[in-house]
Amino acid sequence: MTVTAIEEISKTRSRVYLDDAFAFVLYKGELRKYHMETGRDVDAETVRELRTKILPKRARLRAMNLLKTGRYTEKQLLDKLLAGGYGQELAEDAVAYVKSYRYVDDRQYASDYIMCRMGRCSLREIEQKLFQKGIGRELFRAVLEELEADEAVPDEEAAVRRLMEKKHFMAAGNDEKEARRIYGYLCRKGFSPELVRRVMRGREEC
């Protein structure tokens with residue numbers, strides 16, 4: 001294999017291309033150690049050592065360090081590693097490694113996320129947010145069923161009331177235009193029109 005290009009990412013790291021294909025990201029000291037220079041041939045043993053020993057360890061360490069600063073779903077962590085220059089195989093191995101210790105747990109993440117936002121957001125909005133984070137709808141429904149079994153179901157009616165109060169909406173003191181605006185806002189938040197109408201009628205009768 002031949003080093004066909006070396007692209008500097010920062011003062012300390014560079015992307016290395018072998019035979020015109022991206023191979024890995026190395027530190028400057030490693031470029032010197034493994035004699036990585038454009039146009040120079042690299043033996044298979046060196047590439048094997050980098051891909052099976054040096055880089056997997058680094059990717060796992062990077063994953064662990066990321067998890068020290070915040071919580072991630074599997075998809076979020078994978079995307080973060082890929083963005084950091086780790087190839088698909090290395091990134092997937094690192095995610096599998098931290099997952100084996102349950103440092104990443106999509107089911108627990110979804111449960112905590114739902115519980116944290118219950119009473120403030122619609123289930124539809126919560127589901128969409130989790131989907132964007134890589135939590136599939138099947139897992140979302142399964143977690144929701146578990147919460148229902150534990151009688152910890154998010155109270156969407158309370159969430160509607162809270163948002164109405166946050167918007168300083170009191171049905172008896174607002175005109176029809178304001179009522180339509182609040183109605184549209186709540187529906188766009190993912191609450192069902194029937195629920196919104198019921199809560200708004202309840203406020204009118206107070």
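What percentage of the solvent-accessible surface of the chain, computed with a 1.4 Å probe over protein heavy atoms, is contributed by carbon and sulfur atoms?
About 48 percent, which is the carbon plus sulfur part of the accessible surface.
With R₀ fixed at 45 Å, the C-beta to C-beta distance from Ala142 to Thr4 puts the FRET efficiency at about 0.40.
Pairs to check: Lys80/Lys189; Lys133/Lys189; Lys68/Lys99; Lys28/Lys57. Give those whose C-alpha atoms are more than 24 Å from each other in this structure. Could the numbers behind the result be given before it?
Numbers: Lys80/Lys189 28 Å; Lys133/Lys189 18 Å; Lys68/Lys99 14 Å; Lys28/Lys57 18 Å.
Those over the limit are Lys80/Lys189.
Straight-distance candidates among the aspartates and glutamates for linking to Lys33, with alpha-carbon spacing under 13 Å and chain neighbours fewer than 8 residues away dropped: Glu49.
Over the residues of the chain, the helix contribution to mean residue ellipticity at 222 nm works out to -18000 deg cm²/dmol, using -39500 (n - 2.57) for each DSSP H run of at least 4. Taking a point 7 Å from the Cα of Lys33 along the Cα-to-Cβ direction, the residues of segment 51-84 with backbone N closer than 18 Å to it are 51-62.
Quick one: Kirkwood hydrodynamic radius for segment 31-111, alpha-carbon pairs, angstrom, one decimal? The partial results should precede the final answer.
Details: mean 1/r = 0.0723 Å⁻¹.
Answer for segment 31-111: a Kirkwood hydrodynamic radius of 13.8 Å.
Can you tell me the 0 to 90 degree angle between the C-alpha axis of helix 88-100 and the longest principal axis of the chain, rounded to 10? With both axes taken from Cα atoms, the answer is about 60 degrees.
With contacts taken as Cα pairs under 8 Å and at least 6 residues apart, the chain reaches a relative contact order of 14 percent. The C-alpha radius of gyration of the chain, expressed as a fraction of 2.2 N^0.38 Å, stands at 1.53. The residues of segment 1-126 expose on average 58 square angstrom of accessible surface per residue, using a 1.4 Å probe on protein heavy atoms.
The values are calculated or read from the model by the stated rules, or taken from the named source; none is laboratory data. As the structure is a computational prediction, the values presented were derived from the model and not from experiment. Glycine gets a Cβ as well: all are built from the backbone with ideal geometry, and neighbour counts include every protein chain shown. Accessible surface is based on the protein model in full, side chains and every heavy atom, while ligands, DNA and RNA are left aside. Shrake-Rupley method; radii C 1.70, N 1.55, O 1.52, S 1.80 Å.
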